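Peer 1: Let me give you the structure first, and then I'll get to my questions.
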Amino acid sequence: MKAFASWSGGKDCMLAVYKTIKSNKHQVEFLLNMTDDEHVKSRSHGISKDLIVSQAHAMGIDLLQQSTQHDKYEVKFKEAISLLKEKGIEAGIFGDIYLEAHRVWIERVCKEMDIKAIFPLWGAPTKDLLKEFIDLGFKTILVAINKQKLSNNWVGRIINQEFYDDITKLDGIDPCAELGEYHSFVFDGPTFSEALKLNKLELVDTDKTLYQTIEIYTDKV
């Protein structure tokens, strides 16, 4: 079955895609990334859409970026699915783990669009998923943290064994950030033909979120 993956650029959607590919049950033909209405940033993580483009290119998977406003999200999401169905897509891959309300929304929308919703990570312990992700060799940076849940020194950290050891010691924090503790961007791993080289730019501080802005490093003049 040909499928798209709901795509933010972060670790959970990446692991869901990896597991789908390894299962040989479905073909991941497209990444679907929802962007802000100016088509500049990925809505979920606040990163430049160009980073998602580079990521998709390194993975060798076609990308569809759909711009939307918050109150038009479902309408625009369905419009994007309609375009994908014209290309033979029959299923969607989602990286959700345990938030029942979000799964209910996804399943309703997919049913209305006659698309099968697939959840490769659903119900797995989040500690186990994070450890598996690290052990597979993915390389990932925290591009945003919820300041009400994590201190500022977490932003910009790389997800590795040290990160795992530290975050699993914290009370009330989901290691996989299913409750919005942080957002991440994957820049290397077994799904990549080559690693993305990143430059860290400025920190952007808002009322609730601290962002680590990044760009693709290039030595071209």
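Please treat every number below as a calculation from the coordinates, not as lab data. Remember, predicted model here, so these are calculated numbers, not experimental data. Every residue, glycine as well, gets a Cβ built from its backbone with ideal geometry; the counts of neighbours run over all protein chains shown.
Peer 1: Straight-line reach from Lys72: which aspartates and glutamates have Cα under 17 Å away, leaving out those fewer than 8 places along the same chain?
Peer 2: Answer for Lys72, where 17 Å is the Cα cut-off: Asp36, Asp37, Glu38, Glu112, listed by chain and number.
Peer 1: Quote the charge dipole size of the chain about the Cα centre in Debye, to the nearest 20; the model charges only the Cβ of Lys and Arg (+1) and of Asp and Glu (-1).
Peer 2: For the chain, the charge dipole is close to 340 debye.
Peer 1: Can I ask one more? Over the Cα atoms of the chain, what is the Rg over Rh ratio if Rh follows Kirkwood?
Peer 2: 0.94
Peer 1: For segment 170-215, count all C-alpha to C-alpha pairs, find those more than 16 Å apart, and express that count as a whole percent of the total.
Peer 2: 58
Peer 1: Quick one: longest stretch of the chain between exposed loop GluC sites (Glu not before Pro), exposed meaning at most 14 other C-beta atoms within 10 Å and loop per DSSP?
Peer 2: Details: sites that count: Glu38, Glu194.
Between exposed loop sites, the widest span is 39-193.
Peer 1: Mind telling me which of Ile21, Ile159, Ile93 comes out most flexible in a GNM of the chain, alpha-carbon contacts under 10 Å?
Peer 2: Looking only at Ile21, Ile159, Ile93, the biggest GNM fluctuation is shown by Ile21.
Peer 1: Among the trypsin sites (Lys or Arg not before Pro) in segment 51-130, which ones are in a DSSP loop with at most 15 other Cβ atoms within 10 Å of the Cβ? Mind listing them?
Peer 2: When the trypsin sites (Lys or Arg not before Pro) of segment 51-130 are filtered for loop state and at most 15 Cβ neighbours within 10 Å, Lys87 remain.
Peer 1: Select from segment 123-221 those chymotrypsin sites (Phe, Trp or Tyr not before Pro) which occupy a DSSP coil region and have at most 15 other Cβ atoms within 10 Å, ordered by residue number.
Peer 2: For chymotrypsin sites (Phe, Trp or Tyr not before Pro) across segment 123-221 that sit outside H, G, I, E and B with at most 15 neighbouring Cβ atoms in 10 Å, the list reads Tyr217.
Peer 1: Give the order of Asp188, Asp96 when sorted by the count of other beta carbons within 10 angstrom, beginning with the fewest.
Peer 2: In increasing order of surrounding Cβ atoms, one gets Asp188, Asp96.
Peer 1: Based on alpha-carbon atoms only, what is the radius of gyration of segment 99-199 relative to the globular estimate 2.2 N^0.38 Å?
Peer 2: 1.22
Peer 1: To continue, here is another question. I'd like the antiparallel share, as a percent to the nearest 5, of DSSP beta bridges with both residues in segment 2-118.
Peer 2: The answer is about 10 percent antiparallel.
Peer 1: Relative contact order for segment 2-118: what percent, with Cα pairs under 8 Å and sequence separation of 6 or more?
Peer 2: Working: 174 pairs, mean separation 34.7, N = 117.
Relative contact order comes out at 30 percent.
Peer 1: Which order do Ser82, Ser184, Ser48 fall in if you start with the one that has the fewest other Cβ atoms within 10 Å?
Peer 2: In order of increasing Cβ crowding within 10 Å: Ser82, Ser48, Ser184.
Peer 1: Using modelled amide H (1.01 Å from N, peptide plane; none on Pro or chain starts), what sits under 5 Å from the amide H of Lys116, excluding residues fewer than 5 places away?
Peer 2: Correct list: Ala91, Gly92.
Peer 1: Work out from phi, with θ = phi - 60° and the Karplus expression 6.51 cos²θ - 1.76 cosθ + 1.60, the ³J(HN,Hα) of each residue of segment 123-135, listed in order in whole Hz, and give x for Gly and Pro.
Peer 2: So the J values, rounded to whole Hz, are x, 7, x, 5, 4, 5, 5, 5, 5, 4, 4, 5, 5.
Peer 1: Between Val109, Val143, Val17, which gets the highest mean-square fluctuation from a Gaussian network model of the chain, Cα cutoff 10 Å?
Peer 2: Taking springs between Cα atoms under 10 Å, the residue moving most is Val109.
Peer 1: Tell me, what HN-Hα J-couplings in whole Hz come from the Karplus equation 6.51 cos²θ - 1.76 cosθ + 1.60 at θ = phi - 60° for each residue of segment 4-14, using x for Gly and Pro?
Peer 2: 9, 10, 5, 10, 10, x, x, 5, 5, 5, 5
Peer 1: Each residue of segment 188-200 in turn: what ³J(HN,Hα) in whole Hz from Karplus with 6.51, -1.76, 1.60 and θ = phi - 60°, glycine and Pro shown as x?
Peer 2: 6, x, x, 8, 9, 6, 7, 6, 8, 8, 10, 10, 7
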